Amino acid sequence: MMKTIMVTGGRGMLGSGMHEVVRQEPRAGHEFVFVDIEDGDLTDKAATRTLFGRVRPEGVIHLAADVGGLYKNVAQGVEMLENNLLMNMHVMQSSREFGVEKLVTCLSTCVFPEQTLCPHVSLPIEETVVHMGPPHPSNEGYAHAKRLVDVQSRAYRKQYGCNFITLAPTNIFGPHDNYSPEHSHVIPSLIRKCDAAMRDGTDFVVWGSGKPLRQFIYSPDLARLFLWAYFNYDEAEPLILAPGPDQEVSIATIAQHVADAFGYTKPIRFDTSYSDGQFKRTVTNAKLMSRNPSFHFTPLPEAIKASVEWFQANRETARL
Ligand code: NAP
Ligand code: GDP
């Protein structure tokens with residue numbers, strides 16, 4: 001008998017990456033059903049229950065979220081808090097009600113304490129410190145909604161014995177990203193801007209100083225890690241999914257990788273009238289590597305090149 005794993009946010013970036021991975025590498029005895037907002041708005045409790053009743057999943061990988069980059073988080077703190085609280089609440093409630101055997105929910109490394117506000121938290125950040133101080137103020141709404149996923153997951157585990165786990169990926173990029181000019185994350189935004197600069201003969205402009213540091217993960221790599229965790233990780237504590245701290249790079253380096261992938265050779269401009277947001281949030285992947293030591297991360301320049309090529313082939317239909 002096949003078991004059904006329902007993936008929410010199935011047409012988003014990570015959901016699309018997972019769809020491709022399971023198409024290429026099927027998991028024996030399991031079928032995947034990818035659902036998105038057209039199949040049921042997860043901010044609506046009744047719609048969420050109807051979706052669960054229709055799909056009847058044995059497992060759920062909950063990727064749907066109200067997601068965006070720094071400038072969306074600053075502009076839409078209310079929606080980032082409320083939409084994510086509602087979606088996560090309804091998915092957990094329905095997962096218990098419909099007897100889901102395993103639920104994987106997604107945190108983010110941006111939900112961890114901001115180190116400059118919490119001197120007792122040292123870098124690189126590890127899983128245990130998630131509630132030990134405020135997150136960076138720029139993404140307070142999103143971060144608190146995601147932190148409650150950890151609280152709620154553990155509460156269901158303790159009270160009802162539910163196998164709910166939480167995974168905390170670092171900044172993600174890859175095919176099927178959101179390319180909104182104002183509200184996307186940095187890599188899709190830079191890809192879109194460099195593409196326009198190449199086509200129009202204009203400057204490639206990066207917002208902020210380019211000095212902040214981030215760890216990035218390519219969405220197909222992360223999709224593989226989520227699937228590995230679905231089948232292999234059963235602990236209450238979150239698991240950070242990221243390349244190691246030695247892979248942390250500046251936004252300027254990312255912009256240069258994007259420029260190289262496009263063959264943009266003029267100087268890159270930095271518009272410092274835009275804020276930089278969080279300077280860094282270095283995380284350790286020691287726990288991940290102790291559990292999954294052979295995992296291979298796609299090298300950043302290669303993954304950025306592949307993402308640029310995807311955008312060039314899909315720019316007319318890419319999400320905004
Ligand atoms: P994404 O591309 O925006 O995908 C999210 C999906 O959720 C979209 O398909 C979206 O549909 C869907 N969705 C939004 N509101 C919904 C609703 N009310 N009901 C049902 N579906 C809804 O995001 P992603 O980057 O793949 O993110 C996947 C997960 O990783 C999220 O949980 C996110 O918080 C987490 N994460 C992301 C990053 C990152 O850098 N991107 C970093 C850390 C963690 P529409 O497109 O139609 O709105
Ligand atoms: P964050 O990692 O959660 O802060 O979110 P982002 O993916 O939005 O990355 C933000 C960092 O990239 C900040 O330091 C921004 O100043 C910088 N950045 C540079 N250009 C852009 C851009 O065009 N869009 C976005 N979102 N960030 C940019």
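The values are calculated or read from the model by the stated rules, or taken from the named source; none is laboratory data. It should be emphasised that the depicted structure is a prediction, and the values quoted were computed from it without experimental measurement. Every residue, glycine as well, gets a Cβ built from its backbone with ideal geometry; the counts of neighbours run over all protein chains shown. What goes into the accessible areas is simple: the full protein's heavy atoms, side chains included, and nothing from ligands, DNA or RNA. Shrake-Rupley method; radii C 1.70, N 1.55, O 1.52, S 1.80 Å.
Please enumerate the residues belonging to region 80-122 that are more than 18 Å from residue 14 (Cβ to Cβ) and under 17 Å from the mean Cα position of the chain (by Cα). Within region 80-122, 81, 85, 112 meet the criteria.
Return the only residue of 69, 77 being buried (at least 17 other Cβ atoms within 10 Å of the Cβ), over 26 Å from residue 154 (Cα atoms) and either within 16 Å of ligand 2 (Cβ to nearest atom) or at pLDDT 95 or above (or both). Write out each step before concluding.
On the way: 77 fails: over 26 Å from residue 154 (Cα atoms).
Being buried (at least 17 other Cβ atoms within 10 Å of the Cβ), over 26 Å from residue 154 (Cα atoms) and either within 16 Å of ligand 2 (Cβ to nearest atom) or at pLDDT 95 or above (or both) holds for just one of 69, 77, which is 69.
Checking 10, 29 one by one, the residue that is open to solvent by less than 30 Å² (accessible area, probe 1.4 Å), without any contact (Cβ under 8 Å) to a residue 60 or more places away in the chain and within 15 Å of residue 230 (Cβ to Cβ) is 10 and no other. Of the residues examined, residue 89 is not one that is of a type outside the set (Lys, Arg), surrounded by fewer than 18 Cβ atoms within 10 Å (Cβ to Cβ) and farther than 30 Å from residue 311 by Cβ. Of all residues in region 183-226, those that are more than 25 Å from residue 36 (Cα to Cα), more than 8 Å from ligand 2 (Cβ to nearest atom), of a type outside the set (A, V, I, L, M) and open to solvent by less than 30 Å² (accessible area, probe 1.4 Å) total 4. Every listed requirement among (1) within 8 Å of ligand 2 (Cβ to nearest atom); (2) more than 24 Å from residue 14 (Cβ to Cβ); (3) surrounded by fewer than 20 Cβ atoms within 10 Å (Cβ to Cβ) is met by residue 155 save one, (1). Taken over region 116-146, the residue count meeting the criterion of being in a helix (DSSP H, G or I) and either away from ligand 2 (no atom under 15 Å from the Cβ) or open to solvent by 20 Å² or more (accessible area, probe 1.4 Å) (or both) is 10. Specify the residue that is most open to solvent (accessible area, probe 1.4 Å); the eligible residues are those in region 281-320 that are within 21 Å of residue 206 (Cα to Cα), touching a helix residue (DSSP H, G or I) at 6+ places or on another chain (Cβ under 8 Å) and assigned to a loop (DSSP other than H, G, I, E, B). It comes out as 315.
Look at residue 74 and say whether it is under 19 Å from the mean Cα position of the chain (by Cα) and away from ligand 1 (no atom under 14 Å from the Cβ). It is true that residue 74 is under 19 Å from the mean Cα position of the chain (by Cα) and away from ligand 1 (no atom under 14 Å from the Cβ).
Residue 42 passes every criterion in (1) surrounded by fewer than 23 Cβ atoms within 10 Å (Cβ to Cβ); (2) touching a helix residue (DSSP H, G or I) at 6+ places or on another chain (Cβ under 7 Å); (3) under 12 Å from residue 8 (Cβ atoms) apart from (1). When residue 180 is tested against the conditions (1) open to solvent by less than 50 Å² (accessible area, probe 1.4 Å); (2) under 28 Å from residue 61 (Cβ atoms); (3) within 14 Å of ligand 2 (Cβ to nearest atom); (4) modelled with pLDDT of 95 or more, the lone failure is (4). Here the condition is being over 23 Å from residue 125 (Cα atoms) and of a type in the set (D, E, K, R); of 246, 234, 221, 200, it holds for 200 alone. Within region 158-176, the set of residues being open to solvent by 10 Å² or more (accessible area, probe 1.4 Å), touching a strand residue (DSSP E or B) at 6+ places or on another chain (Cβ under 9 Å) and more than 18 Å from residue 130 (Cα to Cα) comprises 162, 163, 172, 176.
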